[in-house]
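Note sheet for the following structure.
The values are calculated or read from the model by the stated rules, or taken from the named source; none is laboratory data. Because the structure is a prediction, the values reported are computed rather than measured. Cβ atoms come from the backbone with ideal geometry, glycine included; neighbour counts cover every protein chain shown.
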């Protein structure tokens, strides 16, 4: 009988418990595929007595994740604890140092320490796999590292956070305010009690930093990611996007530019006809543009126990069958430090919504400021409420109304300068809304 490939799992939450079930359910298939039995032999978690629907008596239980990581009873350590530091980092470092293969779903850990952990794995001749860290069940890591090895990637973008995509989808479908959709997401378990990490864009930023390294052969630089969340998106922005032929998505975007690698996470207007615009609910999607394949899009479940555990098990299977290689597609010594492209130099179209006093000359003043900044406008839309129009058809009430500008391609710096000048004229009564536009 072939020697058993032994797995130690740290963390038995939704993903960890699902991974155990998949390994049990697919045991025969995995043995046939890997050439040896693949079995969980030891586990650890915060509480042994918690009901998980698993028979834990089959496995050795260790209270300390670091002790599990270095145990002679395992060949591969699976870290599903979470967190960029603390016990998760200590356990992964201990496992790699002890010559154990590591599988992790921890995007925060990789975004902060991924390059160093990859170097440690290479030094000790073991594998570090992390497919589950980005986009759940979508095999985007394997696609960038292996399937597109013969391509030069020019840019990639995607919906990397299911919570934000669910909220934006509900705002459009139901006409609900952001706060109501967030509360519903929390009730359904899509958002945490403290949702800042998701809605603030930081979860997407960690994932984008990992993808950028794989796509462009650079050392991970999470600090280079420009991050904006979705909490400022209002119902009027959703409606105006639709009216103008767009849909708002929180996108992570990485692209090679003449000034360096640009990494950004922010709400984005995408054409209704685009593939990414059709991705609704908690689903994730990633589009990669490269020289040989031109453009490919991967769509699938970005979270959930089974979907994420599927990626974990796929990594385990690769290791068991001897598929390894450099964690980021090339040795860490070959990963270069990329020049950061400043967001102020970003070039593209913009949606700008300014709430102004409904007085003669207000819109003209704003348009003049954009003209002075050499910004060409594709369209200008000014909506007055029906009540205000009925009370004062001539528009003399002065009540605040939204003025929406759609620009042709320009720079971030120019847009910000024009807005600053418009604010100084005294017509604008609320904080401006600026959303970048990604055209096909």
Item to check | Odd one out for residue 147, checked against (1) in contact with a helix residue (DSSP H, G or I) (Cβ under 7 Å, 6 or more places away or on another chain); (2) within 15 Å of residue 327 (Cα to Cα); (3) without any contact (Cβ under 8 Å) to a residue 24 or more places away in the chain | outcome: (1)
Checklist entry - Would you pick out the residues in region 173-189 that are surrounded by 12 or more Cβ atoms within 10 Å (Cβ to Cβ) and more than 19 Å from residue 267 (Cα to Cα)? => result 183, 184, 186
Next on the checklist: When the residues of region 115-148 are narrowed to those that are out of contact with any strand residue (DSSP E or B) (no Cβ under 9 Å at 6 or more places or on another chain) and outside any helix (DSSP H, G or I), which ends up surrounded by the most Cβ atoms within 10 Å (Cβ to Cβ)?
Outcome noted: 124
Item to check | Hey, residue 364 surrounded by fewer than 21 Cβ atoms within 10 Å (Cβ to Cβ), without any contact (Cβ under 8 Å) to a residue 60 or more places away in the chain and part of a helix (DSSP H, G or I) or not | outcome: yes
Checklist outcome for this item: Selection from region 319-361 of residues closer than 20 Å to residue 8 by Cα and surrounded by fewer than 21 Cβ atoms within 10 Å (Cβ to Cβ) yields 321, 322, 323, 324
Checklist entry - So, in region 190-222, of the ones that are modelled with pLDDT of 95 or more and out of contact with any helix residue (DSSP H, G or I) (no Cβ under 9 Å at 6 or more places or on another chain), which residue ends up surrounded by the most Cβ atoms within 10 Å (Cβ to Cβ)? => result 216
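Does region 306-314 contain at least one residue that is touching a residue at least 12 places away in the same chain (Cβ under 8 Å) and either assigned to a strand (DSSP E or B) or surrounded by fewer than 18 Cβ atoms within 10 Å (Cβ to Cβ) (or both)?
Just the residues of region 306-314 that are touching a residue at least 12 places away in the same chain (Cβ under 8 Å), to begin with: 306-314.
So of that shortlist, the ones also either assigned to a strand (DSSP E or B) or surrounded by fewer than 18 Cβ atoms within 10 Å (Cβ to Cβ) (or both) come out as 306.
For region 306-314, residues touching a residue at least 12 places away in the same chain (Cβ under 8 Å) and either assigned to a strand (DSSP E or B) or surrounded by fewer than 18 Cβ atoms within 10 Å (Cβ to Cβ) (or both): present.
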Checklist entry - Tell me, which helices (runs of 4 or more DSSP H) lie completely within region 1-85 with 2 or more residues that are assigned by TED's automatic domain parsing to the domain that holds residue 126, under 30 Å from residue 112 (Cβ atoms) and in contact (Cβ under 8 Å) with a residue 12 or more places away in the chain? => result 14-25, 65-69
Checklist outcome for this item: Here the residues within region 40-51 that are under 23 Å from residue 27 (Cβ atoms) and either modelled with pLDDT under 95 or out of contact with any strand residue (DSSP E or B) (no Cβ under 6 Å at 6 or more places or on another chain) (or both) are 45
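Looking for whichever is in contact with a helix residue (DSSP H, G or I) (Cβ under 7 Å, 6 or more places away or on another chain) and at pLDDT below 95 here; the options are 96, 54, 62. Which one fits?
Numbers: 96 fails: at pLDDT below 95; 62 fails: at pLDDT below 95.
Among 96, 54, 62, only 54 is in contact with a helix residue (DSSP H, G or I) (Cβ under 7 Å, 6 or more places away or on another chain) and at pLDDT below 95.
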Checklist outcome for this item: Matching residues in region 349-364 (modelled with pLDDT under 90 and either touching a strand residue (DSSP E or B) at 6+ places or on another chain (Cβ under 6 Å) or in the same structural domain as residue 271 (by TED's automatic domain parsing) (or both)) number 3
Checklist outcome for this item: Note: among 151, 165, just one is closer than 17 Å to residue 233 by Cβ, touching a strand residue (DSSP E or B) at 6+ places or on another chain (Cβ under 7 Å) and either assigned to a helix (DSSP H, G or I) or modelled with pLDDT of 95 or more (or both), namely 165
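In region 248-260, how many are touching a strand residue (DSSP E or B) at 6+ places or on another chain (Cβ under 9 Å) and surrounded by fewer than 22 Cβ atoms within 10 Å (Cβ to Cβ)?
Here is the first cut: in region 248-260, the residues touching a strand residue (DSSP E or B) at 6+ places or on another chain (Cβ under 9 Å) are 248-257, 259-260.
Going one step further and asking which of them are surrounded by fewer than 22 Cβ atoms within 10 Å (Cβ to Cβ), we end up with 255-257, 259-260.
Matching residues across region 248-260 total 5.
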Next on the checklist: Filter region 270-303 down to the residues that are buried (at least 18 other Cβ atoms within 10 Å of the Cβ) and assigned to a loop (DSSP other than H, G, I, E, B) and list them by number.
Outcome noted: 279, 282, 302, 303
